[in-house]
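The structure appears below as structure tokens.
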Amino acid sequence: MELLSQVPQQFVVAASCPWMGAWLCLMMQASHIPIDLNMLLEVKARSKDKTGAKARLGNNQVKETVQQYIAGAETVADDPLTRDYVVVRARLMAARLLGALCRCICDPQLNSASQEIRPAESLGQLLLFHLNSKSALQRIAVALVLCEWAAQQKDCQMVSSMVQPRLLAVLTEQLYYDEIAIPFTRMQNECKQLISLLAEVQIDLQDRLNSSVFTIDQANELVTTIFTETTAGLNVKSKQWLALESKRQQAQSTVMETNTEWQQLHLRVHMFTACAAINLEVLPDKLNPLVRPLMETVKKEENTLIQSYAASFIANLLRQCAVRSPCPNPKIIKNLCASACMDPSATPSSVCPVPTAQEQAKGGGLERDGMHHIVNKTQGIITLYRHQRAAFAITSKRGPTPKAPKAPVTELPPGSMISSDNDESKKQFLVQRRGAEFALTTIARHFGADLNRSLPYLWENTVGPLKAVAKENLCIDRQAQLDRGDAAAQELVNSLQVLELMAGAMAAELRPLLLEHLPHLFTCLQHPYTAVRHMAARCVGVLSKIATLETMNSFLESVLHWLAAIDDCTKQEGAIEALACVM
């Protein structure tokens, strides 16, 4: 980047234009296919010296060719999540550089009307060619380059006008991409084999599936609903049925594999295309095709780089839509806040703040032995309970001490990997919460000191329920809070969860406004619901980090003496948990 800013632009354009196509191809290289090194070679005329040519030929025969892959050959054998992370990181870095080169190529001084072939026009045609392809990687690569280019230069109408119609069309396309050709073909073959086996036992499906090429939905219907209905009369112990069931399971596995791969590619293509449209500021009249892939990525994408990328463009979209009518911002923010509170391991339920006895019994001996801190809807300290469970999980493991895991080759940020110990539902909750956290913290940083004015709905959703808890003298009517019910308590828990997530990312100018609600948090430490006390304590802990002096002065003056309130267990538990979170 530094080099591009120092070198005369005409030299950069002259040197880079012939290579832009090759560099784009490198960026969209499939992760499992070696790079063709010939793309990086400029062919020169061969020397007429036959002796030298033979010598070089001999040397080439001896020399072993080292295969190169995108993001490095050393990560090819890594687990799929790690490999995907480093490949996406490589594509993002390449897009940043190519976006900077596009800015140079689109320099108005180098694209005069008198030129027969303008560099910007050639660039637009190159990008349009890849956008028109049926390859997901080609579309993703172009969208990424457009994102990075538009972030640096938005005034090149020649390129943006060329790609804009196609870009918006991609957002609404349903396409089976070239990348799934192999599993898709295998799915077709296995479905046809299953239909042939069914025909052998006089089950004809011509009326229900009369198609030469099955869609993924049709194939899925065949191996589930149609198979179950048509084979209901067969003897499940017969050899015929066992052969059919075996083929069905094989076909179903292929259908699921194909669908998973297609869903990921489809979501990523639409998400990155939406990002390009946002950065180019070419929002369509109907925002749903733009908003949906961004929100789905935040909810479902396991790659943290892609999740955080989508989060940054959600923040950008909110700013662009602030004056739009009808404004989609409240709905987007509502969904993000709901996603942030979906994970029960992070956001406790007001009704059942810790796992039930049945769930605990699956986990091990701590609960069976009665050696844990008892927590229910109105009594107990959740932080203490979780610390005890974590300690027991370590000390109860039998056998030799496990070896430390091997350090990964690449440096990955915390949270980029998902533990394989978690079941599928827990993993989904983790991914969804993490994505919402990325989005909310990015929004807080993006809007800075204007957050409360630009997004009043978000601000009110964060601190509004707090003000409704305390009376004028900052006391709390516990019976009234119990009478309001579990739903009101859960709403308060969720707003405190959002406050905890966002407080650390808010601008310093907003801290005085946050500290105005510190007395309300102290009031929530006396709340009859255990989950509310727990979340209020966590919020006090966050504020003690970002405004240590003010928070601790108020805490020492208002809360610390509650530790001696032996006649009021609720107040005492709130003070203990808050002190633990502060420490």
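The values are calculated or read from the model by the stated rules, or taken from the named source; none is laboratory data. The model shown is predicted, which means the values in this text are computed figures rather than measured ones. Please note: Cβ atoms are built from the backbone with ideal geometry, for glycine as well, and neighbour counts cover all protein chains shown.
Every residue in segment 266-293 that is crowded, with 16+ Cβ neighbours inside 10 Å and either assigned by TED's automatic domain parsing to the domain that holds ALA151 or polar (S, T, N, Q) (or both), please.
THR273, ASN279
Among the residues of segment 524-554, count how many are in a helix (DSSP H, G or I) and buried (at least 18 other Cβ atoms within 10 Å of the Cβ). Talk me through it step by step, then tell me what you get.
Residues of segment 524-554 that are in a helix (DSSP H, G or I), as a first pass: 524, 530-546, 548-554.
Those still in the list that are buried (at least 18 other Cβ atoms within 10 Å of the Cβ) too: 524, 530-544, 551, 554.
Of the residues in that region, 18 qualify.
Taking segment 314-345 as the search range and keeping residues that are within 20 Å of PHE272 (Cα to Cα) and without any contact (Cβ under 8 Å) to a residue 40 or more places away in the chain, which one is surrounded by the fewest Cβ atoms within 10 Å (Cβ to Cβ)?
Result: CYS321.
Checking LYS300 against (1) in contact (Cβ under 8 Å) with a residue 24 or more places away in the chain; (2) surrounded by 16 or more Cβ atoms within 10 Å (Cβ to Cβ); (3) within 26 Å of MET93 (Cβ to Cβ), only one condition comes out false. Which one?
The failed condition is (2).
Give just the number: which of (1) more than 22 Å from ALA439 (Cα to Cα); (2) among the small types (Gly, Ala, Ser); (3) modelled with pLDDT of 95 or more does ALA480 not satisfy?
Failing condition for ALA480: (3).
If I filter segment 499-508 for residues that are assigned by TED's automatic domain parsing to the domain that holds TYR385, modelled with pLDDT of 95 or more, farther than 24 Å from CYS341 by Cα and among the charged types (D, E, K, R), do I get at least one hit?
no
Identify the single condition in (1) crowded, with 18+ Cβ neighbours inside 10 Å; (2) out of contact with any Cys (no Cβ under 7 Å at 6 or more places or on another chain); (3) among the hydrophobic types (A, V, I, L, M, F, W, C) that ALA219 does not satisfy, given that it satisfies every other one.
(2)
Could you go through segment 455-472 and let me know if any residue there is in contact with a Phe, Trp or Tyr (Cβ under 6 Å, 6 or more places away or on another chain), assigned by TED's automatic domain parsing to the domain that holds LEU525 and assigned to a helix (DSSP H, G or I).
Pass one, segment 455-472, residues in contact with a Phe, Trp or Tyr (Cβ under 6 Å, 6 or more places away or on another chain): none.
No, the conditions are met nowhere in segment 455-472.
Would you confirm whether any residue within segment 558-581 is over 26 Å from VAL375 (Cα atoms) and of a type in the set (Asp, Glu)? First the steps, then the outcome.
Within segment 558-581, the first condition is being over 26 Å from VAL375 (Cα atoms), and the residues that meet it are none.
No: segment 558-581 contains no residue that is over 26 Å from VAL375 (Cα atoms) and of a type in the set (Asp, Glu).
Is segment 225-236 home to any residue that is surrounded by fewer than 21 Cβ atoms within 10 Å (Cβ to Cβ), among the hydrophobic types (A, V, I, L, M, F, W, C) and in contact (Cβ under 8 Å) with a residue 60 or more places away in the chain?
First, the residues of segment 225-236 that are surrounded by fewer than 21 Cβ atoms within 10 Å (Cβ to Cβ): 225-226, 228-236.
With among the hydrophobic types (A, V, I, L, M, F, W, C) added as a condition, the list becomes 226, 232, 234, 236.
When the remaining residues are screened for being in contact (Cβ under 8 Å) with a residue 60 or more places away in the chain, the result is none.
No: segment 225-236 contains no residue that is surrounded by fewer than 21 Cβ atoms within 10 Å (Cβ to Cβ), among the hydrophobic types (A, V, I, L, M, F, W, C) and in contact (Cβ under 8 Å) with a residue 60 or more places away in the chain.
Quick check on my filter: what residues within segment 515-530 are within 16 Å of VAL469 (Cβ to Cβ) and in contact with a Leu (Cβ under 9 Å, 6 or more places away or on another chain)? Step through it out loud before you land on a result.
The initial filter retains those residues of segment 515-530 that are within 16 Å of VAL469 (Cβ to Cβ), namely 516-530.
Answer for segment 515-530, where residues must be within 16 Å of VAL469 (Cβ to Cβ) and in contact with a Leu (Cβ under 9 Å, 6 or more places away or on another chain): HIS517, LEU518, PRO519, HIS520, LEU521, PHE522, THR523, CYS524, HIS527, PRO528, TYR529.
Of everything in segment 277-293 that's in contact (Cβ under 8 Å) with a residue 24 or more places away in the chain, in a helix (DSSP H, G or I) and not polar (S, T, N, Q), which residue is nearest to ILE332 (Cα to Cα)? Steps first, answer last, please.
Filtering segment 277-293 down to residues in contact (Cβ under 8 Å) with a residue 24 or more places away in the chain leaves 277-284, 287, 289-291, 293.
Then drop every residue that is not in a helix (DSSP H, G or I), which leaves 277-280, 289-291, 293.
From what is left, the residues that are not polar (S, T, N, Q) are 277-278, 280, 289-291, 293.
On the way: ALA277: 18, ILE278: 15, LEU280: 21, PRO289: 13, LEU290: 12, VAL291: 8, PRO293: 12 Å.
Only one residue fits best here, namely VAL291.
Condition check: part of a helix (DSSP H, G or I), under 20 Å from ASN279 (Cα atoms), under 31 Å from the mean Cα position of the chain (by Cα) and among the charged types (D, E, K, R). Does ARG186 satisfy that? Break it down stepwise before answering.
Numbers: part of a helix (DSSP H, G or I): yes; under 20 Å from ASN279 (Cα atoms): no; under 31 Å from the mean Cα position of the chain (by Cα): yes; among the charged types (D, E, K, R): yes.
Criteria not met by ARG186.
Does LEU280 satisfy the condition of being at pLDDT below 95 and closer than 30 Å to MET162 by Cα? Quick ask: steps written out before the conclusion?
Working: at pLDDT below 95: yes; closer than 30 Å to MET162 by Cα: yes.
Considered against the rule, which asks whether it is at pLDDT below 95 and closer than 30 Å to MET162 by Cα, LEU280 comes out as yes.
One line per residue, one yes/no per condition, for (1) modelled with pLDDT under 95; (2) closer than 25 Å to ARG434 by Cβ:
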position	(1), (2)
TYR309	no, yes
LEU317	no, yes
SER325	yes, no
CYS341	no, yes
PRO355	yes, yes
ALA361	yes, no
GLY370	yes, no
THR383	yes, yes
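Residue check, PHE214 against (1) assigned to a helix (DSSP H, G or I); (2) buried (at least 19 other Cβ atoms within 10 Å of the Cβ), all met but one. Which one?
All conditions are met except number (1).
Based on what the data block shows, is ALA274 in a helix (DSSP H, G or I), in contact (Cβ under 8 Å) with a residue 24 or more places away in the chain, among the small types (Gly, Ala, Ser) and closer than 15 Å to GLU173 by Cα? I'd like the intermediate steps shown before the answer.
Working: in a helix (DSSP H, G or I): yes; in contact (Cβ under 8 Å) with a residue 24 or more places away in the chain: yes; among the small types (Gly, Ala, Ser): yes; closer than 15 Å to GLU173 by Cα: yes.
Answer is yes for this residue.
Counting just the residues of segment 162-199 that are exposed (fewer than 13 other Cβ atoms within 10 Å of the Cβ) and in contact (Cβ under 8 Å) with a residue 24 or more places away in the chain, which one comes out farthest from ALA150 (Cα to Cα)?
That would be GLN174.
Select from segment 167-211 the residues that are in contact with a helix residue (DSSP H, G or I) (Cβ under 9 Å, 6 or more places away or on another chain) and of a type in the set (Ser, Thr, Tyr) and write down the one among them that is nearest to PHE129 (Cα to Cα).
Here the answer is TYR177.
Of all residues in segment 296-326, which are part of a helix (DSSP H, G or I), over 9 Å from the mean Cα position of the chain (by Cα) and more than 15 Å from LEU144 (Cα to Cα)? Can you show your working first?
Looking only at segment 296-326, we keep the residues that are part of a helix (DSSP H, G or I), and these are 296-300, 304-320.
Cutting the leftovers down to over 9 Å from the mean Cα position of the chain (by Cα) gives us 312-320.
Selection gives ILE314, ALA315, ASN316, LEU317, LEU318, ARG319, GLN320.
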